[in-house]
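What follows is a short report on a single structure.
The values are calculated or read from the model by the stated rules, or taken from the named source; none is laboratory data. It should be emphasised that the depicted structure is a prediction, and the values quoted were computed from it without experimental measurement. As a convention, Cβ positions derive from the backbone with ideal geometry for all residues, glycine included, and neighbour counts pool all protein chains shown.
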Amino acid sequence: MRSRRKLQRIAIILLSALTLVVVGFVGAGCTTSNDYLLSWHLVDSGKHCDWDANQSKYESYVVSGAKTWNAYKAGVFRPDSISVVQDVRISDVSELGESWLGETSPLGYINLNKALLDEVSSNCKQNTVLHELGHALGLDHNDNASTNIMYSYNTAVTALSSSDKSSYDASYARY
Amino acid sequence: MRTKKSFSAKKKGILIAAACVLALAVGSGIYFGVTKGGITLAPAVRSYVININNAEEVAGFVDYVFVGRVEKQMDARYEDVFERESEDGEKTLVGAPYTLYEVTVLENLKGNLKVNEPIRIEKEGGISMDGKFLSVAEGDSLPEEGSLFVFAVSAGADGSLLANHNYKLMKTKLTEKAIGKMQPEQLQKAMQAELEEAEAQADYKRFAEACKNEVPFARERYTASAEWLEAATQ
């Protein structure tokens, strides 16, 4: 009888501990009230996100976008080279029938949709590229304000908001 | 001898254990990295020009909205293939997957695609080149064989159809086996009954209404080669 009760207690403690681990694990990828994070990112273990945009007509926007994010946390974005292997490949697609301007995949690529991007202003193009680079850093959409780069929909905003920076702080902590 | 106190402690223990198991089950299902049948979900995130949660905006963006039954999932193709090297030096081929489907159009809500004949539509998403990941836009899903969907699709310059969004209505009862046992008149009635059941679903009603009040989106548009030519010339 005693040993049965003891076993029950041990089982409850083990299960509780396991639950805490799972909740903590999930919580690491979940958002707090200020941080909007994806459960993945494309930053390597050296805290770099090395990009290749040689094939993209928007490469100048990528350079500028990387500079904007790096102004907040230096050196994370780097162009790839012979010695620096890419973490994210940025290329253009032409999908007239799709309603997205850009997409970022955890498989290691960003696609920019020329069919729509060519029709928007320079600032809107920059906003799209900044936004997709934000996803590569592990930031999720943040629809609390349209002044966020990580707002779900395209705008002409080209500067990081305090919410963007807060989310970036949280994402950076997990690289 | 069991006391009242020991009995309620036992109940508490069982409840806590059940809650832990439930939390574990829920926790393991909501994370990128969820693996089912050896394939891990890899959700892509997108930046849209429309509000994809607004049916009127979706209806205004696409060229066709229809109720369709997915007959067959066919091959996937891959765009912009490149070789990716992981930190431990492992090299893999990566490309954006597009999966082809054979779909029977049952009812048009916008546009005039051929009805009751199979057409082909493509959807971005599918199994990765190495077979390890299921790539699909976050919050989206891929069409399933044997189910009815509302499809919102656009035509390409070559007349092909690309599915922007699909909303599951129900599983079909008209499987090949079931159809094989029916007389033509029975089959007609069964098809009509199935369509009526589809029309009772919330997403059908939402899009039927949305197509009447679509928010127009100005862009270059093309005609699908699967369009019903007679109706298109009326």
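Just one of the listed residues (A:112, A:101) is closer than 19 Å to residue B:42 by Cα and either surrounded by 24 or more Cβ atoms within 10 Å (Cβ to Cβ) or modelled with pLDDT of 95 or more (or both), namely A:112. For residue B:82, the criteria (1) within 18 Å of the chain's Cα centre (by Cα); (2) modelled with pLDDT under 95; (3) among the aromatic types (Phe, Trp, Tyr) hold in every case but one, which is (1). Counted as qualifying within region B:93-175 are the strands (runs of 3 or more DSSP E) with 3 or more residues that are more than 11 Å from the chain's Cα centre (by Cα) and more than 9 Å from chain A (Cβ to nearest Cβ), namely B:118-124.
Could you check how many residues of region A:72-95 are touching a residue at least 60 places away in the same chain (Cβ under 8 Å) and either touching a strand residue (DSSP E or B) at 6+ places or on another chain (Cβ under 6 Å) or of a type outside the set (Ser, Thr, Tyr) (or both)?
First, the residues of region A:72-95 that are touching a residue at least 60 places away in the same chain (Cβ under 8 Å): A:72-73, A:76.
Right, trim to either touching a strand residue (DSSP E or B) at 6+ places or on another chain (Cβ under 6 Å) or of a type outside the set (Ser, Thr, Tyr) (or both) and you get A:73, A:76.
Total satisfying the criteria: 2.
Do we find a residue being free of Cβ contacts under 8 Å to residues at least 24 places away in the same chain, more than 26 Å from residue A:50 (Cβ to Cβ) and not polar (S, T, N, Q) anywhere in region A:120-140?
The first filter runs over region A:120-140 and keeps only residues free of Cβ contacts under 8 Å to residues at least 24 places away in the same chain, leaving A:122.
So of that shortlist, the ones also more than 26 Å from residue A:50 (Cβ to Cβ) come out as none.
No; the residues of region A:120-140 include none that is free of Cβ contacts under 8 Å to residues at least 24 places away in the same chain, more than 26 Å from residue A:50 (Cβ to Cβ) and not polar (S, T, N, Q).
Within region A:1-45, track down each residue that is in a helix (DSSP H, G or I), of a type outside the set (A, V, I, L, M) and either touching a Cys at 6+ places or on another chain (Cβ under 8 Å) or modelled with pLDDT under 55 (or both). The answer is A:16, A:19, A:24, A:25, A:27, A:29.
Please go through (1) within 13 Å of chain A (Cβ to nearest Cβ); (2) modelled with pLDDT of 95 or more for residue B:29 and return the number of the only condition it doesn't satisfy. In the conditions (1) within 13 Å of chain A (Cβ to nearest Cβ); (2) modelled with pLDDT of 95 or more, residue B:29 misses (2) alone.
Within region A:77-94, is even one residue at the interface with another protein chain (Cβ under 8 Å from one of its Cβ atoms), surrounded by 24 or more Cβ atoms within 10 Å (Cβ to Cβ) and of a type in the set (Val, Ile, Thr)? Checked region A:77-94: no residue is at the interface with another protein chain (Cβ under 8 Å from one of its Cβ atoms), surrounded by 24 or more Cβ atoms within 10 Å (Cβ to Cβ) and of a type in the set (Val, Ile, Thr).
The number of residues in region A:79-96 being assigned to a loop (DSSP other than H, G, I, E, B), acidic (Asp, Glu) and within 21 Å of residue B:220 (Cα to Cα) comes to 1.
Could you list all residues from region A:128-166 that are among the aliphatic types (A, V, I, L, M) and under 13 Å from the mean Cα position of the chain (by Cα)?
First, the residues of region A:128-166 that are among the aliphatic types (A, V, I, L, M): A:129-130, A:133, A:136-137, A:139, A:145, A:149-150, A:156-157, A:159-160.
Within region A:128-166, A:129, A:130, A:133, A:136, A:137, A:139, A:149, A:150 meet the criteria.
Comparison of A:58, A:72 shows that the only residue that is surrounded by 15 or more Cβ atoms within 10 Å (Cβ to Cβ), over 24 Å from residue B:91 (Cβ atoms) and modelled with pLDDT of 95 or more is A:58. Among the candidates B:93, B:109, B:113, the residue that is of a type outside the set (Lys, Arg) and surrounded by 22 or more Cβ atoms within 10 Å (Cβ to Cβ) is uniquely B:113.
Of the residues making up region A:39-46, none is among the charged types (D, E, K, R), surrounded by fewer than 21 Cβ atoms within 10 Å (Cβ to Cβ) and more than 10 Å from chain B (Cβ to nearest Cβ).
Condition check ((1) more than 10 Å from chain A (Cβ to nearest Cβ); (2) surrounded by fewer than 20 Cβ atoms within 10 Å (Cβ to Cβ); (3) modelled with pLDDT under 65; (4) not in a helix (DSSP H, G or I)) across all residues:
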{"position": "B:5", "(1), (2), (3), (4)": "yes, yes, yes, no"}
{"position": "B:17", "(1), (2), (3), (4)": "no, yes, yes, no"}
{"position": "B:24", "(1), (2), (3), (4)": "no, yes, yes, no"}
{"position": "B:58", "(1), (2), (3), (4)": "no, no, no, no"}
{"position": "B:68", "(1), (2), (3), (4)": "yes, no, no, yes"}
{"position": "B:73", "(1), (2), (3), (4)": "yes, yes, no, yes"}
{"position": "B:87", "(1), (2), (3), (4)": "no, yes, no, yes"}
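Criterion applied to A:118, A:140, A:169, A:164 was being closer than 24 Å to residue B:41 by Cβ and acidic (Asp, Glu), and the one residue passing it is A:140.
Out of the helices (runs of 4 or more DSSP H) lying entirely within region A:97-175, which hold 2 or more residues that are among the polar types (S, T, N, Q) and within 12 Å of chain B (Cβ to nearest Cβ)?
Details: elements: A:114-117, A:122-136, A:162-172.
Because the criterion is at least 2 residues that are among the polar types (S, T, N, Q) and within 12 Å of chain B (Cβ to nearest Cβ), the helices (runs of 4 or more DSSP H) in region A:97-175 that meet it are A:122-136.
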